[in-house]
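Peer 1: Right, I'll just put the structure down here and ask away after.
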Amino acid sequence: MKQNAYAKINLTLEIVGKRSDGLHNIESVFQEISLCDKIEIEKNNTLDIKFIPQIDTKKSTAHTSSEIFFKKTRIREHAKIRIKKNIPIRSGLGGGSSDAATTLLLLNKLFMYPMKNDELIKIGETIGSDVSFFFLGGTALVEGKGNRVRLINPVKKLYVLLVIPSFSFSTKDSYSQINGFKFDTTNSTKKLISILEKKKYDLSEIENCLHNDFEKMYLSVDKNFTSTLRNLEQKTSKKFHLTGSGSVLFALFNNISEAKQAQTKLKTTGVKTILTETR
């Protein structure tokens with residue numbers, strides 16, 4: 001049994017407050033993209049999970065979600081799970097969260113649906129704040145700590161050029177650091193949703209709404225991030241934005257030829273890229 005675990009980008013990401021539990025409330029438009037990990041599963045006497053290439057951890061989201069699933073269902077059989085990793089880790093693309101959601105969906109299907117979908121989503125919430133989105137995918141408004149998800153009018157098909165820089169950011173450290181910053185309210189999320197509701201719009205209208213509070217913070221404190229972003233924009237004449245808390249940057253294109261031209265320009269300078277598209 002096989003299923004793809006798709007990545008996402010954040011078209012907007014606004015930090016709107018800190019919660020009593022220490023987490024943050026967000027307003028964000030998540031967009032699923034075609035880049036994906038590939039998960040294959042079959043019944044087994046023991047729980048056997050391996051990543052290709054191998055990830056140096058026995059506490060991945062796939063491990064955690066599987067252990068919780070078998071504990072709650074009390075199923076005596078287990079599963080052999082193989083995950084081909086294509087989504088870069090610590091990238092802001094949601095690979096770990098997508099793996100968790102997809103693993104739960106596959107396990108539930110493999111063992112003839114012992115759990116309802118809302119029960120799986122509740123398990124997902126205990127694993128990561130944005131796991132809930134990956135049970136739905138598409139284009140969605142994500143609020144709260146990342147667990148309130150509502151599908152909205154989908155983004156038209158766009159090509160997405162991802163840039164994977166040589167540096168990475170810790171999500172935990174980034175959220176801790178952002179506490180000291182004050183951001184002007186941009187209402188980027190609400191503006192973008194209004195544009196999508198029109199159904200007929202130009203890419204430039206979407207690009208004018210792209211916003212990420214973490215990007216704004218990094219531009220004020222991280223010279224390496226700032227120079228990387230500016231170099232990308234200078235080489236391609238395209239605006240790049242951060243996804244999640246980083247570190248991957250992305251630009252949007254109407255057609256694949258323009259995206260490939262930009263990708264070629266970056267490849268000649270040694271920049272690592274992935275060309276994908278919205279789903």
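Peer 1: Out of region 230-265, which residues are assigned to a loop (DSSP other than H, G, I, E, B) and of a type in the set (Gly, Ala, Ser)? Step through it out loud before you land on a result.
Peer 2: Initial filter on region 230-265 (assigned to a loop (DSSP other than H, G, I, E, B)): 237-240, 243-248, 254-255.
Those that are assigned to a loop (DSSP other than H, G, I, E, B) and of a type in the set (Gly, Ala, Ser): 237, 244, 245, 246, 247.
Peer 1: Within 26 Å of residue 17 (Cα to Cα) and out of contact with any Ser or Thr (no Cβ under 8 Å at 6 or more places or on another chain) - does that describe any residue in region 246-258?
Peer 2: Of the residues in region 246-258, the ones within 26 Å of residue 17 (Cα to Cα) are 246-250.
Among the residues that remain, those that are also out of contact with any Ser or Thr (no Cβ under 8 Å at 6 or more places or on another chain) are: none.
No, region 246-258 has no match at all.
Peer 1: Are any residues in region 120-166 at positive phi and modelled with pLDDT under 95, and if so, which ones? Give the derivation first.
Peer 2: Step one: of region 120-166, the residues at positive phi are 137-138, 144, 146.
144, 146 - these are the residues of region 120-166 that are at positive phi and modelled with pLDDT under 95.
Peer 1: For the subset of region 266-275 comprising residues that are of a type outside the set (A, V, I, L, M, F, W, C) and either assigned to a loop (DSSP other than H, G, I, E, B) or not assigned by TED's automatic domain parsing to the domain that holds residue 235 (or both), which member is surrounded by the fewest Cβ atoms within 10 Å (Cβ to Cβ)? Full working, then the answer.
Peer 2: Taking region 266-275 as the starting set, the residues that turn out to be of a type outside the set (A, V, I, L, M, F, W, C) are 267-270, 272-273.
Cutting the leftovers down to either assigned to a loop (DSSP other than H, G, I, E, B) or not assigned by TED's automatic domain parsing to the domain that holds residue 235 (or both) gives us 268-270.
Working: 268: 9, 269: 9, 270: 7.
Going through the qualifying residues, I end up with 270.
Peer 1: Another question, then. Just give me the residues in region 252-265 being hydrophobic (A, V, I, L, M, F, W, C) and either buried (at least 19 other Cβ atoms within 10 Å of the Cβ) or in contact with a helix residue (DSSP H, G or I) (Cβ under 6 Å, 6 or more places away or on another chain) (or both), in sequence order.
Peer 2: Selection gives 252, 253, 259, 262.
Peer 1: Tell me, please, whether a residue that is closer than 30 Å to residue 45 by Cβ, surrounded by 14 or more Cβ atoms within 10 Å (Cβ to Cβ) and not acidic (Asp, Glu) can be found in region 132-143.
Peer 2: Taking region 132-143 first, the residues closer than 30 Å to residue 45 by Cβ are 134-135.
Filter again for surrounded by 14 or more Cβ atoms within 10 Å (Cβ to Cβ), leaving 134-135.
Going one step further and asking which of them are not acidic (Asp, Glu), we end up with 134-135.
Looking through region 132-143, at least one residue is closer than 30 Å to residue 45 by Cβ, surrounded by 14 or more Cβ atoms within 10 Å (Cβ to Cβ) and not acidic (Asp, Glu).
Peer 1: From the list 68, 26, pick out the single residue that is of a type in the set (Val, Ile, Thr) and either in a strand (DSSP E or B) or in contact with a Leu (Cβ under 6 Å, 6 or more places away or on another chain) (or both). Reasoning before the result, please.
Peer 2: Working: 68 fails: either in a strand (DSSP E or B) or in contact with a Leu (Cβ under 6 Å, 6 or more places away or on another chain) (or both).
After ruling out the rest, the residue left standing is 26.
Peer 1: With (1) under 16 Å from the mean Cα position of the chain (by Cα); (2) part of a strand (DSSP E or B) as the list, and residue 102 as the residue in question, which single condition is left unmet?
Peer 2: (2)
Peer 1: Could I ask something else about it? Hey, does region 164-171 have a residue that's assigned to a helix (DSSP H, G or I), surrounded by 14 or more Cβ atoms within 10 Å (Cβ to Cβ), in contact (Cβ under 8 Å) with a residue 12 or more places away in the chain and not hydrophobic (A, V, I, L, M, F, W, C)?
Peer 2: Just the residues of region 164-171 that are assigned to a helix (DSSP H, G or I), to begin with: 171.
Going one step further and asking which of them are surrounded by 14 or more Cβ atoms within 10 Å (Cβ to Cβ), we end up with 171.
Those still in the list that are in contact (Cβ under 8 Å) with a residue 12 or more places away in the chain too: 171.
So of that shortlist, the ones also not hydrophobic (A, V, I, L, M, F, W, C) come out as 171.
Yes, because at least one residue in region 164-171 is assigned to a helix (DSSP H, G or I), surrounded by 14 or more Cβ atoms within 10 Å (Cβ to Cβ), in contact (Cβ under 8 Å) with a residue 12 or more places away in the chain and not hydrophobic (A, V, I, L, M, F, W, C).
Peer 1: Another one. Among the residues of region 208-224, is any more than 22 Å from the chain's Cα centre (by Cα), under 18 Å from residue 92 (Cα atoms) and not in a loop (DSSP other than H, G, I, E, B)?
Peer 2: Yes, there is a match, as at least one residue in region 208-224 is more than 22 Å from the chain's Cα centre (by Cα), under 18 Å from residue 92 (Cα atoms) and not in a loop (DSSP other than H, G, I, E, B).
Peer 1: Would you mention how many residues in region 18-38 are surrounded by 15 or more Cβ atoms within 10 Å (Cβ to Cβ) and either in contact with a helix residue (DSSP H, G or I) (Cβ under 7 Å, 6 or more places away or on another chain) or without any contact (Cβ under 8 Å) to a residue 40 or more places away in the chain (or both)?
Peer 2: Adding up the residues that qualify gives 6.
Peer 1: Checking residue 195 against (1) assigned by TED's automatic domain parsing to the domain that holds residue 27; (2) assigned to a helix (DSSP H, G or I), only one condition comes out false. Which one?
Peer 2: Unmet condition: (1).
Peer 1: Something else: For region 39-69, name all the residues that are free of Cβ contacts under 8 Å to residues at least 24 places away in the same chain and not hydroxyl-bearing (Ser, Thr, Tyr). Walk me through how you get there before you give the answer.
Peer 2: Taking region 39-69 first, the residues free of Cβ contacts under 8 Å to residues at least 24 places away in the same chain are 54, 56-59, 63, 67.
Once the filter is applied, which keeps residues that are free of Cβ contacts under 8 Å to residues at least 24 places away in the same chain and not hydroxyl-bearing (Ser, Thr, Tyr), region 39-69 yields 54, 56, 58, 59, 63, 67.
Peer 1: A follow-up question, please. Go over the candidates 123, 83, 127 one by one and state the one that is closer than 19 Å to residue 47 by Cα, without any contact (Cβ under 8 Å) to a residue 60 or more places away in the chain, crowded, with 17+ Cβ neighbours inside 10 Å and of a type in the set (A, V, I, L, M, F, W, C). Spell out how you get there, then give the answer.
Peer 2: Details: 83 fails: without any contact (Cβ under 8 Å) to a residue 60 or more places away in the chain; 127 fails: without any contact (Cβ under 8 Å) to a residue 60 or more places away in the chain.
So the residue among 123, 83, 127 that is closer than 19 Å to residue 47 by Cα, without any contact (Cβ under 8 Å) to a residue 60 or more places away in the chain, crowded, with 17+ Cβ neighbours inside 10 Å and of a type in the set (A, V, I, L, M, F, W, C) is 123.
Peer 1: Of the residues that make up region 148-155, is at least one assigned to a strand (DSSP E or B), touching a Lys or Arg at 6+ places or on another chain (Cβ under 6 Å) and surrounded by fewer than 17 Cβ atoms within 10 Å (Cβ to Cβ)? Show your work before the answer.
Peer 2: From region 148-155, those assigned to a strand (DSSP E or B) are 148-151; that's our starting set.
Checking which are touching a Lys or Arg at 6+ places or on another chain (Cβ under 6 Å) leaves us with none.
Among the residues of region 148-155, not one is assigned to a strand (DSSP E or B), touching a Lys or Arg at 6+ places or on another chain (Cβ under 6 Å) and surrounded by fewer than 17 Cβ atoms within 10 Å (Cβ to Cβ), which makes the answer no.
Peer 1: Test residue 181 against the stated conditions and say whether it is at pLDDT below 95, in contact with a Gly (Cβ under 7 Å, 6 or more places away or on another chain) and not assigned by TED's automatic domain parsing to the domain that holds residue 73. Before the answer, list the steps.
Peer 2: Values: at pLDDT below 95: yes; in contact with a Gly (Cβ under 7 Å, 6 or more places away or on another chain): no; not assigned by TED's automatic domain parsing to the domain that holds residue 73: yes.
The answer is no for residue 181.
The values are calculated or read from the model by the stated rules, or taken from the named source; none is laboratory data. Remember, it's a predicted structure, so these values are computed and weren't measured experimentally. FYI the Cβ positions are ideal-geometry reconstructions off the backbone, even for glycines, and counts take in every protein chain you see.
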